[in-house]
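Report on the following structure.
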Amino acid sequence: MSNIKLPIGGRSFAVSCAPGEEEHIRALGERIDESIRKAGAMGQSEPRMLLFAALMLADELHESQSAAAAPPQSAPPARDPEADAQLSRTIDAITQRIENIARHLEGGDHHP
């Protein structure tokens, strides 16, 4: 067993862990310390300070689980290049008709 000290909320906590897990445990301790600081729980009693950290971490876990359980957003349908080309030709034809009508209404087209 390895023994490490974790600075959390301005206090030092001695923790035992399996050899090789020291860095992981330190990273977890840093996350707890960050939660305490975000909650403004510095200077509280140890149980109260750690309760705030636990509540914040539980809330993060809940948010993550809720996001993971949400149905995935549907992907847009695949584009069909031929359909896109046909749509483009149709839009061009309609545009040409509109321009012809506009010319006719403006008196620029004197065809019988």
Report summary line: Selection over segment 14-36 where residues are acidic (Asp, Glu) and within 23 Å of the chain's Cα centre (by Cα) yields a count of 2
Query raised in the report: Just one of the numbered conditions (1) surrounded by fewer than 10 Cβ atoms within 10 Å (Cβ to Cβ); (2) modelled with pLDDT of 85 or more; (3) not small (Gly, Ala, Ser) is not true of residue 34; which one?
Result: (1)
Report task. Could you please tell me which pairs satisfy a Cβ distance under 7 Å, a separation of 6+ or placement on different chains, a first residue in segment 35-58 that is without any contact (Cβ under 8 Å) to a residue 40 or more places away in the chain, and a second residue that is open to solvent by less than 60 Å² (accessible area, probe 1.4 Å) and not hydrophobic (A, V, I, L, M, F, W, C)? Result -> 36/9; 41/9; 42/9; 56/35; 57/35
Query - Checklist (1) of a type in the set (Gly, Ala, Ser); (2) surrounded by 15 or more Cβ atoms within 10 Å (Cβ to Cβ); (3) more than 31 Å from the chain's Cα centre (by Cα) applied to residue 39, failing item - result: (3)
Query raised in the report: Looking at segment 42-65, which of its residues are small (Gly, Ala, Ser), surrounded by fewer than 15 Cβ atoms within 10 Å (Cβ to Cβ) and part of a helix (DSSP H, G or I)?
Result: 54, 58, 64
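Which of the residues spanning segment 1-30 are of a type in the set (Lys, Arg) and either surrounded by fewer than 14 Cβ atoms within 10 Å (Cβ to Cβ) or part of a strand (DSSP E or B) (or both)? Give the steps one after another, and end with the answer.
Of all residues in segment 1-30, those of a type in the set (Lys, Arg) come to 5, 11, 26.
Across segment 1-30, the qualifying residues are 5, 11.
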Query raised in the report: From the list 12, 45, 64, 16, which one is of a type in the set (S, T, N, Q) and in contact with a Ser or Thr (Cβ under 9 Å, 6 or more places away or on another chain)?
Result: 16
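Does residue 68 satisfy being open to solvent by 80 Å² or more (accessible area, probe 1.4 Å) and under 27 Å from residue 1 (Cβ atoms)? Please lay out each step first, then the result.
Details: open to solvent by 80 Å² or more (accessible area, probe 1.4 Å): yes; under 27 Å from residue 1 (Cβ atoms): no.
Considered against the rule, which asks whether it is open to solvent by 80 Å² or more (accessible area, probe 1.4 Å) and under 27 Å from residue 1 (Cβ atoms), residue 68 comes out as no.
The values are calculated or read from the model by the stated rules, or taken from the named source; none is laboratory data. Bear in mind the structure is a predicted one, so any value in this text is a computation, not a measurement. In this analysis, Cβ positions are derived from the backbone assuming ideal geometry, glycine residues included, and neighbour counts consider all displayed protein chains. Just so you know, the surface numbers come from the protein's heavy atoms only, side chains and all, with ligands and any DNA or RNA stripped out. Shrake-Rupley method; radii C 1.70, N 1.55, O 1.52, S 1.80 Å.
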